[in-house]
Structure formats: structure tokens, C-alpha cells
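Undergrad: This structure is in C-alpha cells; I'll ask about it shortly.
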Amino acid sequence: MKRFALIATLIMALAAGFGCAKKTTDEAPMSDTGISAEMQAAIDQITDARVYFAFDRFDLTPQYKEVLKAKADLMKTYSSIRVRIEGNCDARGTQEYNLALGEKRARVVYEYLVVLGVNPAQLEMISYGKENPAVDGTGEAAWSKNRRDEFRVIAH
């Protein structure tokens, strides 16, 4: 009986120690993931917009330079954010060719972000070639959605 009372007392003491902390008014609101709402909004903006490419090309159009400028501004503001640039291709071409093209697409975005002032330590690249399609199917409608760079936040 004494052992039961001792165990119950220890359990209650531990439970009291893990109670909810009170939020002070000067703290930024936290999301379910434990990061501030502002940081989560920045992460969402960085990962939402993709960069698309023309067939067999890896040059940036003015439209996507603007998209990358917005990403760069956020990454400079939130310097703890690290991003993986993922280069992708459509289903045409050999696996080797598409891996090289996906790497060129990721590299051009990486270099442009660095020119805009993003710390290179915040960036990494990978090419998936044609192995990670966004849309299944054939024809230009599907292929155009697969020729892209995506952005994945890997640390914050």
C-alpha cells in the first residue's frame, strides 16, 4: 500500500511538471509545429511557388526572376531557413540526360538566389530528372508541369 501511494505521488508530481506553460503577450504566436506564424508564412511562400522551364531549357524568364526575388528576400530575413532546390524534367529524354538537365535547372536557380544575396549555406540542390513527375501523362499539358524546380525547406 505504501508503494502504491509512493508511485501515485510520483506520477502526480511528474504530471504537474509537464503542465502547459502560459503564453506571455510579447511572444509571437506559435503554430502547431512550434514555429512562429511569421516563420510559417515565410516557409509557405518559399515552398509554394515553383519555377517552370521551356522544353529542353534551363534559362530563367523575367516572371520567375520575380518569384525568386521574393524567395530571396524571405530567406535573407529568415537566415535560419535552409532550402533544397529540386530540379525536375518531363518524361522525354534518357535518364542520364534528364538528370543533367534537372541539375542545370537547379543550378541556375541556386546561382540566381546567391546573386540576390542569399547565403549559399542556406541552399542545396538535387536533380530528380524525370523520376518525380508532378503530373502523370503524356502531351504538352502534362510535360509542361513536370519541367520545374520545386523548393523544400529542410531546416528552419
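Here, each number is a calculation from the coordinates, and none is a lab measurement. Because the structure is a prediction, the values reported are computed rather than measured. Please note: Cβ atoms are built from the backbone with ideal geometry, for glycine as well, and neighbour counts cover all protein chains shown.
Undergrad: Considering only DSSP beta bridges whose two residues both sit in region 54-156, what percent are antiparallel, to the nearest 5? Write out the running numbers ahead of the final one.
TA: Details: 6 of 12 bridges.
So the antiparallel bridges in region 54-156 amount to around 50 percent.
Undergrad: What distance in nm separates the two pseudo spin-label positions at ALA37 and ALA121, each 7 Å out from Cα along the beta-carbon direction?
TA: Distance between the two pseudo-spin positions: 3.2 nm.
Undergrad: Give me the net charge of ARG82's neighbourhood, meaning all other residues with Cβ under 12 Å from the Cβ of ARG82; Lys, Arg count +1, Asp, Glu -1. Show your work: numbers first, answer last.
TA: Details: positive: ARG84, ARG152; negative: GLU124.
Net charge around ARG82: +1.
Undergrad: Then there's this: From the backbone phi of region 64-74, what are the Karplus-calculated ³J(HN,Hα) couplings (6.51 cos²θ - 1.76 cosθ + 1.60, θ = phi - 60°) in whole Hz, Gly and Pro given as x?
TA: 7, 5, 5, 4, 5, 4, 5, 5, 4, 4, 5
Undergrad: Mind listing the long-range amide H neighbours of VAL83? Cut-off is under 5 Å, sequence gap 5 or more, other chains count too, H placed in the peptide plane at 1.01 Å from N.
TA: LEU123, GLU124, ILE154
Undergrad: Can you compute the charge dipole magnitude of region 54-156 about its Cα centre, using +1 on each Lys and Arg Cβ and -1 on each Asp and Glu Cβ, nothing else charged? Give it in debye, rounded to the nearest 20.
TA: Working: 16 positive and 15 negative charges, 54 e Å.
About 260 debye.
Undergrad: While we're looking at this one, here's another question. Please list, in order along region 46-58, the HN-Hα scalar couplings obtained from phi with the Karplus expression 6.51 cos²θ - 1.76 cosθ + 1.60 (θ = phi - 60°), rounded to whole Hz, x for Gly and Pro.
TA: 5, 8, 5, 7, 9, 10, 10, 10, 6, 4, 6, 10, 9
Undergrad: Using a 7 Å offset from the Cα along the Cα-to-Cβ direction at both ALA91 and GLU131, what is the distance between the two label points in nm, to one decimal?
TA: The two pseudo-label positions are separated by 1.8 nm.
Undergrad: A further question follows. Could you give the radius of gyration (one decimal) and Dmax (whole number) of the Cα atoms in region 53-103, in Å?
TA: 13.9, 40
Undergrad: Follow-up question, since we're still on this one. When the convex hull of the Cα atoms of region 54-156 is projected onto a plane and the area is averaged over all directions, what value comes out in nm²?
TA: One quarter of the hull surface, i.e. the mean projection, equals 6.2 nm².
Undergrad: Taking R0 as 30 Å, what's the FRET efficiency between LYS65 and ILE154 from their Cβ-Cβ distance, rounded to 0.05?
TA: Details: r = 23 Å, r/R0 = 0.78.
Once the sixth-power term is evaluated, E becomes 0.80.
Undergrad: Right, next: Can you tell me, using C-alpha contacts under 8 Å and at least 6 residues apart, the relative contact order of region 54-156 as a whole percent? All intermediate terms of the calculation are to be shown ahead of the outcome.
TA: Numbers: 181 pairs, mean separation 41.0, N = 103.
With pairs under 8 Å counted, the relative contact order is 40 percent.
Undergrad: For a quick protection proxy, order the peptides 101-109, 40-48 by their average other-Cβ count within 10 Å, most packed first. Don't jump to the answer; show the numbers that get you there.
TA: Values: 101-109: 22.2, 40-48: 15.7.
Result, highest mean Cβ count within 10 Å first: 101-109, 40-48.
Undergrad: For ARG50, project a label point 7 Å along Cα to C-beta. Then give me every residue of region 65-91 with its amide nitrogen under 12 Å of that point.
TA: 86-91
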